[in-house]
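Report on the structure given below.
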Amino acid sequence: MKKNLIKLVLFLVILFLLPINSSAKSLCDEIGIDDLSKHLEVNQKVQPKIVLKNEINDKLCRIILAQNNRHMVLYVGKDFVIAGTLFKNKEQIDQNLIKDLETKNIKVAIKDLDNYVTFSKKPHKEIKYILYAITDPNCSHCKYGVNEILSMMEHYGVYLKIIVMPIYPESVPKAIEAYCQHISIEGYMDPNWLKRPSSPETQCEKGKKFVERVKKKSEEIINRGVPIFIIKDKRNNYIDHVVGSNMKRIMEILDGKPLIAK
């Protein structure tokens, strides 16, 4: 009995004296931009930022990088990097995370969005929704989406506001022309207008400055390209946004079926 008691005391003393590493770092804690740059081409002019780290397990860390307000999802191990999309129960988990980040950015950026609207159109009936369409003159998906909105705006009471953000360099003269010449939405949608070269007379200084401001604003909003449709209620409260011409999703939102919290 006495021997057993001595053994127990010795065991407890040894256990107490053993170093306890309570601050052991996880794989995610140890990964930084320098570690990622060993495996990826990193733009040195615009240093990317890690905006989210998520430990999948002790051998895999999910990281979301932000660069020029664009996000990239990476799965990082001790000596490798995987760029891709994770599916679970038929859902793209990564896209949901990116959507949440986009929503935070957009909620901040849309506070002064009316200052960047090129043209707008109200419904004849009561306004129930305000819909911002962020487009590029040379984007066919943008034109398709705007045409669809025009066809349903009376039914849903949509106040359509178009922001012409030239993503492509060749779109800049047409964006300036749309502002300087006070082009209507119908004129903007006309394919013949796009085909006509912009003359020097259509490139006013005020329009050039306006488009420069719009391009700078695009850095706060555009993450996955255009079109982007931002939907608010009639009291100017954010409801949701859709990237791409997913008209089915836009109609669901206008029917009162938001997928994300306001």
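The values are calculated or read from the model by the stated rules, or taken from the named source; none is laboratory data. Small disclaimer: the values here were computed from a predicted structure and weren't measured. Here the Cβ is made from the backbone with ideal geometry for all residues, glycine too, and neighbour counts use every protein chain on show. Remember, those area values only see protein heavy atoms, side chains included, never the ligands or the DNA or RNA. Shrake-Rupley method; radii C 1.70, N 1.55, O 1.52, S 1.80 Å.
For residues that are open to solvent by less than 10 Å² (accessible area, probe 1.4 Å) and in contact with a Leu (Cβ under 9 Å, 6 or more places away or on another chain), tally how many sit in the stretch 160-170.
Residues in the stretch 160-170 being open to solvent by less than 10 Å² (accessible area, probe 1.4 Å) and in contact with a Leu (Cβ under 9 Å, 6 or more places away or on another chain): 2 in total.
So in the stretch 194-210, with the set limited to residues that are out of contact with any Pro (no Cβ under 8 Å at 6 or more places or on another chain) and of a type in the set (G, A, S), which one is surrounded by the most Cβ atoms within 10 Å (Cβ to Cβ)?
G207
Of the numbered conditions (1) under 20 Å from K121 (Cα atoms); (2) more than 25 Å from the chain's Cα centre (by Cα); (3) in a helix (DSSP H, G or I), P173 fails exactly one; give the number of that condition.
(1)
Would you point out the residue of the stretch 127-145, among those that are closer than 17 Å to L194 by Cβ and open to solvent by 40 Å² or more (accessible area, probe 1.4 Å), that is nearest to the chain's Cα centre (by Cα)?
Narrowing the stretch 127-145 to residues closer than 17 Å to L194 by Cβ: 133, 135-145.
Pick out the ones that are also open to solvent by 40 Å² or more (accessible area, probe 1.4 Å) and you get 138, 140-141, 144.
Working: N138: 20, S140: 20, H141: 17, Y144: 20 Å.
The selected residue is H141.
Quickly run through the stretch 186-205 and pick out the residues that are assigned to a helix (DSSP H, G or I) and under 13 Å from A175 (Cβ atoms). Break it down into steps so the answer makes sense when it comes.
Narrowing the stretch 186-205 to residues assigned to a helix (DSSP H, G or I): 186-189, 191-195, 200-202, 205.
Passing the criteria: Y188, W193, L194, T202.
Tell me, yes or no, whether the stretch 8-26 has at least one residue that is more than 27 Å from K104 (Cα to Cα), at pLDDT 80 or above and open to solvent by less than 90 Å² (accessible area, probe 1.4 Å).
First, the residues of the stretch 8-26 that are more than 27 Å from K104 (Cα to Cα): 8-26.
Subset that is at pLDDT 80 or above: 26.
With open to solvent by less than 90 Å² (accessible area, probe 1.4 Å) added as a condition, the list becomes 26.
Within the stretch 8-26, one or more residues are more than 27 Å from K104 (Cα to Cα), at pLDDT 80 or above and open to solvent by less than 90 Å² (accessible area, probe 1.4 Å).
Restricting attention to the stretch 105-126, and to residues there that are outside any loop (DSSP other than H, G, I, E, B) and either among the acidic types (D, E) or open to solvent by 70 Å² or more (accessible area, probe 1.4 Å) (or both), which single residue is farthest from L150 (Cα to Cα)?
Looking only at the stretch 105-126, we keep the residues that are outside any loop (DSSP other than H, G, I, E, B), and these are 105-116, 119-121.
With the extra rule that they be either among the acidic types (D, E) or open to solvent by 70 Å² or more (accessible area, probe 1.4 Å) (or both), the set shrinks to 107-108, 111-112, 114-115, 121.
Numbers: K107: 25, V108: 27, K111: 24, D112: 24, D114: 19, N115: 22, K121: 9 Å.
The qualifying residue farthest from L150 (Cα to Cα) is V108.
Going by what's in this entry, would P191 be described as without any contact (Cβ under 8 Å) to a residue 60 or more places away in the chain and exposed (fewer than 15 other Cβ atoms within 10 Å of the Cβ)?
Details: without any contact (Cβ under 8 Å) to a residue 60 or more places away in the chain: yes; exposed (fewer than 15 other Cβ atoms within 10 Å of the Cβ): yes.
Here the answer is yes, as P191 does meet what is asked.
Give the residues of the stretch 36-94 that are modelled with pLDDT of 85 or more, closer than 25 Å to I222 by Cα, open to solvent by 40 Å² or more (accessible area, probe 1.4 Å) and among the basic types (K, R), sorted by residue number.
Hit for the stretch 36-94 is K53, nothing else.
Condition first: more than 30 Å from K257 (Cα to Cα) and surrounded by fewer than 18 Cβ atoms within 10 Å (Cβ to Cβ). Can you find one or more residues in the stretch 146-159 that meet it?
Filtering the stretch 146-159 down to residues more than 30 Å from K257 (Cα to Cα) leaves none.
No, because not a single residue in the stretch 146-159 is more than 30 Å from K257 (Cα to Cα) and surrounded by fewer than 18 Cβ atoms within 10 Å (Cβ to Cβ).
Considering only residues that are within 12 Å of I56 (Cβ to Cβ), out of contact with any Gly (no Cβ under 8 Å at 6 or more places or on another chain) and in a strand (DSSP E or B), which ones fall in the stretch 72-98?
If the condition is that a residue be within 12 Å of I56 (Cβ to Cβ), out of contact with any Gly (no Cβ under 8 Å at 6 or more places or on another chain) and in a strand (DSSP E or B), then L74, V76, I82, K88 are the ones that fit.
Assuming S184 fulfils every condition listed in (1) open to solvent by 40 Å² or more (accessible area, probe 1.4 Å); (2) touching a residue at least 60 places away in the same chain (Cβ under 8 Å); (3) under 22 Å from the mean Cα position of the chain (by Cα) apart from one, which condition is it?
So S184 meets the others, but not (3).
Scan R224, R213 and give me the residue that is in a loop (DSSP other than H, G, I, E, B), open to solvent by 80 Å² or more (accessible area, probe 1.4 Å) and of a type in the set (D, E, K, R). If you could, list the steps in order and put the result at the bottom.
Numbers: R213 fails: in a loop (DSSP other than H, G, I, E, B).
Just one listed residue meets the conditions, R224.
Restricting attention to the stretch 105-114, does a residue exist that is closer than 30 Å to N57 by Cα and out of contact with any strand residue (DSSP E or B) (no Cβ under 6 Å at 6 or more places or on another chain)?
Looking for residues that are closer than 30 Å to N57 by Cα and out of contact with any strand residue (DSSP E or B) (no Cβ under 6 Å at 6 or more places or on another chain), one finds at least one in the stretch 105-114, hence yes.
Taking only the stretch 73-82 into account, find how many residues are touching a residue at least 12 places away in the same chain (Cβ under 8 Å) and either under 15 Å from N54 (Cβ atoms) or touching a Pro at 6+ places or on another chain (Cβ under 7 Å) (or both). Steps first, answer last, please.
Of all residues in the stretch 73-82, those touching a residue at least 12 places away in the same chain (Cβ under 8 Å) come to 73-78, 80-81.
Among the residues that remain, those that are also either under 15 Å from N54 (Cβ atoms) or touching a Pro at 6+ places or on another chain (Cβ under 7 Å) (or both) are: 73-77, 81.
Residues that pass the stated criteria total 6.
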